[in-house]
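For reference, the structure is listed below as structure tokens.
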Amino acid sequence: MFRSEDFVSFKFYAVSTGPSGPDFITLGAVRAVSRARAVFYPVTGSGGGESHIAFDCVREAVDLSGKKCVPVRFSMTRDEKRTVLEYEGLSRMVASELAFGDVAFVSIGDVSVYSTAARISSLVASLGFECVFVPGVASFSAAACACTMDLASAGREIRIVPGDASFESGALQSFIADADAKVIMKSPRHLSKIVALVVSSGLSSRAALVQKAGGEGQRIFSGDELSRLPSPLEDSYMSVLLIKSL
């Protein structure tokens, strides 16, 4: 068992990198990564299709020479027991690095919203280490700005909805029915069906699908374009579907 009292009091930083590209890196993120001895970063895909967006953002903004950079793979399984074991194993790796210096875990978007870094931080904190969240630009904010959408008018709510989970539970239809603003994220499996539901509900005029917001390859589809999208949609993981409030 790792105990923070066995080590010098170094910190774990969960660092937000923004949605895509170095333009979204904050000065706070630069400072946190700069002071870290080790930098953990998530990797998806394999072979020539590997992707490490958060790390790509950071290395364009921070000199990483001399730092220990640790790629992390997650199985993306829906088996919660396996996921827990993976996260616990990673938290122990982080704890071992905290014996030698500060550690940063970089994550796209903002680490307070649907973030692997936040979950790792909770486990590291349970081992007695100090953890710091470094805020960043959330993907839905960047997406709304990319299409110059005033997402919610005064007095209206903004609801953030996990797309796949809400679609599978049958709750999505009721979520999108009212006049408040909606942010639909985390839809890698059912994005095409979710877009079709928005279109069939007569919400196209208020909706926009933004992919890779603010980064290279950004694409925006709105209005009648939503009814003509191919199925399945590419880049569904890096997609945010917005519905503007009335």
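The values are calculated or read from the model by the stated rules, or taken from the named source; none is laboratory data. On a predicted model such as this, the values are computed, not experimentally measured, just so you know. No Cβ is skipped: glycine too gets one built from the backbone with ideal geometry, and neighbour counts run over all protein chains shown. Please note that ligands, DNA and RNA were not included when accessible areas were found on the heavy atoms of the full protein model with its side chains. Shrake-Rupley method; radii C 1.70, N 1.55, O 1.52, S 1.80 Å.
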### Task
Sequence neighbours fewer than 8 away in the same chain don't count; with that in mind, list the lysines whose C-alpha is under 16 Å from K68.
K11
### Query
log₁₀ I(q)/I(0) of region 125-220 at q = 0.15, 0.21, 0.22 Å⁻¹, via Debye over equal Cα point scatterers, no solvent, to two decimals?
-0.68, -1.14, -1.22
### Query
Taking the Cα centre of each part, how many Å lie between region 72-131 and region 201-240?
31
### Task
May I ask you to compute the full-extension gain from R35 to S153, defined as 0.36 nm times their residue separation minus their alpha-carbon distance, rounded to one decimal in nm?
38.4 nm
### Message
Quick check for me: using +1 on Lys/Arg Cβ and -1 on Asp/Glu Cβ, what's the dipole size of the chain about its Cα centre, in debye to the nearest 20?
### Response
160
### Query
Which shape class applies to region 55-101: rounded if a/c is under 1.5, otherwise prolate when a/b exceeds b/c and oblate if not, where a ≥ b ≥ c are the square roots of the Cα gyration tensor eigenvalues?
oblate
### Query
Which residue, chosen from V137, L197, G170, occupies the Cα position most advanced towards the positive end of the dipole of the chain, where the dipole is computed from +1 (Lys, Arg) and -1 (Asp, Glu) charges on Cβ about the Cα centre?
G170
### Task
Take the alpha carbon gyration tensor of region 39-136, find the square roots of its eigenvalues, order them as a ≥ b ≥ c, and report rounded if a/c is under 1.5; if not, report prolate when a/b exceeds b/c, else oblate.
rounded
### Task
Any chance you could run the full-extension gain for V132 through L246? It's 0.36 nm times the residue separation minus the Cα-Cα distance, nm to one decimal.
37.3 nm
### Query
Accessible area per residue of the chain at 1.4 Å probe, in Å²?
49
### Nearest-20 debye value, region 145-239 charge dipole, Cβ charges on Lys, Arg, Asp, Glu
60
### Task
Quote the accessible area belonging to R59 in square angstrom, nearest 10, computed with a 1.4 Å probe and with ligands, DNA and RNA left uncounted.
130
### Task
Please give the solvent-accessible surface of T26 in Å², to the nearest 10, using a probe radius of 1.4 Å with every protein chain present.
40
## Note on the structure
Rounded to a whole %, the carbon-and-sulfur portion of the accessible area of the chain at a 1.4 Å probe is 53
### Query
Nearest-5 percent of antiparallel DSSP beta bridges in region 103-246?
70
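Explain nothing, just the number: relative contact order of the chain, from Cα pairs under 8 Å at least 6 residues apart, as a whole percent.
23
Provide the FRET efficiency to the nearest 0.05 for the E216-M93 pair, computing r from the beta carbons and using R0 = 45 Å.
0.90
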### Message
Quick check on the chain: of the DSSP beta bridges with both residues there, what percent are antiparallel, nearest 5%?
### Response
35
